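First up is the structure itself, then whatever we jot down about it.
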Amino acid sequence: MPRRFAILVTGGAGFIGSHACKALHQAGYLPVTVDNLTTGHADAVKWGPLVHADVRNAAALKDAIKNHGIKAVMHFAASAYVGESMARPAFYYDNNAGGMISLINACLDTGVDKVVFSSSCATYGSPEGGPIREDTPQAPINPYGRSKLMCEEMLHDCSAAHGLRFAALRYFNAAGADPEGDLSERHDPETHLLPLALQATSGRRGPLQVFGTDYPTRDGSCERDYIHVSDLARGHVLAADYLAEGGASTALNLGSGTGHTIFEVLETIRSVTGKTVPHDLAPRRAGDPPSLTADPRLAQQTLGFRTERSRLDQIIRDAAPSFGLAAAREDRHGRHAAE
Ligand code: UDP
């Protein structure tokens, strides 16, 4: 396949960034990772060079852009834990908003005019009334969400002033792992529901704490829209294609369009692995909205993006091996049978 062009991937050693690098490589782009390796893993950088630098170091970004003939950037490098952002807001504003301004300055100084940005459904806050459309007012309820909204606003202003074009991709809950086993989901410390639940199931940690059982949802637990990380990665490639073809700046949801409560997630893990998830009921976690589900239609219309592996049981089947769990076989009716 002819090489399209080199793309700078900040945070390319992290969970979503490394899956995006694989998808970029498969689509004929050269992903050049910049990562400070505080939460990323050097051995996840397999599809292009690694520049070991912090995204807040604009001089290092400019060098990387010039040295590798970069034509576009994908910006993943950020801190991404809602709970931690409540405890350490200044750190979140420094790393996330500071990283964005450093990257924008590096782009403006070098003439790079295309940015795919890792935004979040956390920018919407806690909207009521079913699936969330992109024109839902953004009113984040935690510093993580506010830092991502600041980044979108910076991009918006620089798009108007300087002709920079961007795609802000507002992800819902990224989960799962590369189905070919090239990459796994690794977080340290782990705070996300699916890996924690799978670790509890495999006995690698104690029971899962279910944070809050008095939310206004079908069973009292929080509802989220889980999207397979490989689908997310493909969405980024489509966004890069879109900007390369001259597409206008845009903000798009990337989600499956289906919400699952925590108890539904635990039940799906049981049906896929044949094992019950040990869990305890716990108080609400600060900063958590009750329900977040995407309206995914705008990304379908704009990018032709549709999820392919984001059925919850498929996400769990792909993630299970990373946690030493076998997934049950599926019969032709989609029912699971123990191996
Ligand atoms: N959650 C939970 N126990 C955990 C971790 C998470 O009950 O040990 C809940 C969390 O409160 C939220 C949902 O699972 O309602 C998804 O949380 P996660 O941290 O995975 O993603 P977020 O939605 O915060 O980005």
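The values are calculated or read from the model by the stated rules, or taken from the named source; none is laboratory data. What you see is a predicted model; the values in this text were computed from it and never measured. Note: ideal-geometry Cβ built from the backbone for every residue, glycine included; neighbour counts use all protein chains shown. All accessible areas refer to the heavy atoms of the entire protein, side chains included, with ligands and DNA or RNA removed. Shrake-Rupley method; radii C 1.70, N 1.55, O 1.52, S 1.80 Å.
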Quick count over the stretch 257-292, residues being within 8 Å of the ligand (Cβ to nearest atom) and among the charged types (D, E, K, R), is 3
Query raised in the report: Is it true that some residue in the stretch 135-151 is over 16 Å from the mean Cα position of the chain (by Cα), open to solvent by 30 Å² or more (accessible area, probe 1.4 Å) and at pLDDT below 95?
Result: yes
Of the residues in the stretch 235-262, those that are of a type in the set (S, T, N, Q) and buried (at least 23 other Cβ atoms within 10 Å of the Cβ) come to Asn253, Ser256
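Report yes if Thr276 is open to solvent by 50 Å² or more (accessible area, probe 1.4 Å), out of contact with any strand residue (DSSP E or B) (no Cβ under 6 Å at 6 or more places or on another chain), part of a loop (DSSP other than H, G, I, E, B) and in contact (Cβ under 8 Å) with a residue 60 or more places away in the chain, otherwise no. Outline the logic, then answer.
Details: open to solvent by 50 Å² or more (accessible area, probe 1.4 Å): yes; out of contact with any strand residue (DSSP E or B) (no Cβ under 6 Å at 6 or more places or on another chain): yes; part of a loop (DSSP other than H, G, I, E, B): yes; in contact (Cβ under 8 Å) with a residue 60 or more places away in the chain: yes.
Considered against the rule, which asks whether it is open to solvent by 50 Å² or more (accessible area, probe 1.4 Å), out of contact with any strand residue (DSSP E or B) (no Cβ under 6 Å at 6 or more places or on another chain), part of a loop (DSSP other than H, G, I, E, B) and in contact (Cβ under 8 Å) with a residue 60 or more places away in the chain, Thr276 comes out as yes.
Going by the structure shown, is Met154 open to solvent by 10 Å² or more (accessible area, probe 1.4 Å), touching a Phe, Trp or Tyr at 6+ places or on another chain (Cβ under 8 Å) and farther than 24 Å from Gly257 by Cβ? I'd like the intermediate steps shown before the answer.
Values: open to solvent by 10 Å² or more (accessible area, probe 1.4 Å): yes; touching a Phe, Trp or Tyr at 6+ places or on another chain (Cβ under 8 Å): no; farther than 24 Å from Gly257 by Cβ: yes.
No, not satisfied.
I'd like to know if the stretch 219-234 contains one or more residues that are within 16 Å of the ligand (Cβ to nearest atom), open to solvent by 40 Å² or more (accessible area, probe 1.4 Å) and not in a strand (DSSP E or B). Write out each step before concluding.
Within the stretch 219-234, the subset within 16 Å of the ligand (Cβ to nearest atom) is 219-229, 232.
From what is left, the residues that are open to solvent by 40 Å² or more (accessible area, probe 1.4 Å) are 219.
Now drop any that are not not in a strand (DSSP E or B), which leaves 219.
Within the stretch 219-234, one or more residues are within 16 Å of the ligand (Cβ to nearest atom), open to solvent by 40 Å² or more (accessible area, probe 1.4 Å) and not in a strand (DSSP E or B).
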Those strands (runs of 3 or more DSSP E) completely within the stretch 160-213 that have 1 or more residues that are surrounded by 20 or more Cβ atoms within 10 Å (Cβ to Cβ) and more than 8 Å from the ligand (Cβ to nearest atom) are 165-171, 173-175
Of the conditions (1) open to solvent by less than 70 Å² (accessible area, probe 1.4 Å); (2) part of a loop (DSSP other than H, G, I, E, B); (3) in contact with a Cys (Cβ under 9 Å, 6 or more places away or on another chain); (4) modelled with pLDDT of 95 or more, the single one that Arg284 does not satisfy is (1)
Those residues of the stretch 291-329 which are open to solvent by 30 Å² or more (accessible area, probe 1.4 Å), over 30 Å from Ala248 (Cβ atoms) and either of a type in the set (A, V, I, L, M) or assigned to a loop (DSSP other than H, G, I, E, B) (or both) amount to Arg311, Gly324, Ala326
Contact list, first residue from the stretch 93-112 and farther than 16 Å from Leu149 by Cβ, second anywhere and of a type in the set (Gly, Ala, Ser) and assigned to a helix (DSSP H, G or I), beta-carbon distance below 6 Å, six or more apart or interchain, is Ser102/Ala58; Asn105/Ala58; Ala106/Ala58
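This table checks each residue for (1) over 28 Å from Asp288 (Cα atoms); (2) open to solvent by 50 Å² or more (accessible area, probe 1.4 Å); (3) not small (Gly, Ala, Ser).
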residue: Ala20; (1), (2), (3): no, no, no
residue: Thr33; (1), (2), (3): yes, no, yes
residue: Val45; (1), (2), (3): yes, no, yes
residue: Ala97; (1), (2), (3): no, no, no
residue: Met100; (1), (2), (3): no, no, yes
residue: Lys114; (1), (2), (3): yes, no, yes
Checked the stretch 63-86 for anything open to solvent by 60 Å² or more (accessible area, probe 1.4 Å) and modelled with pLDDT of 95 or more; matches are Asp63, Lys66, Asn67, His68, Lys71
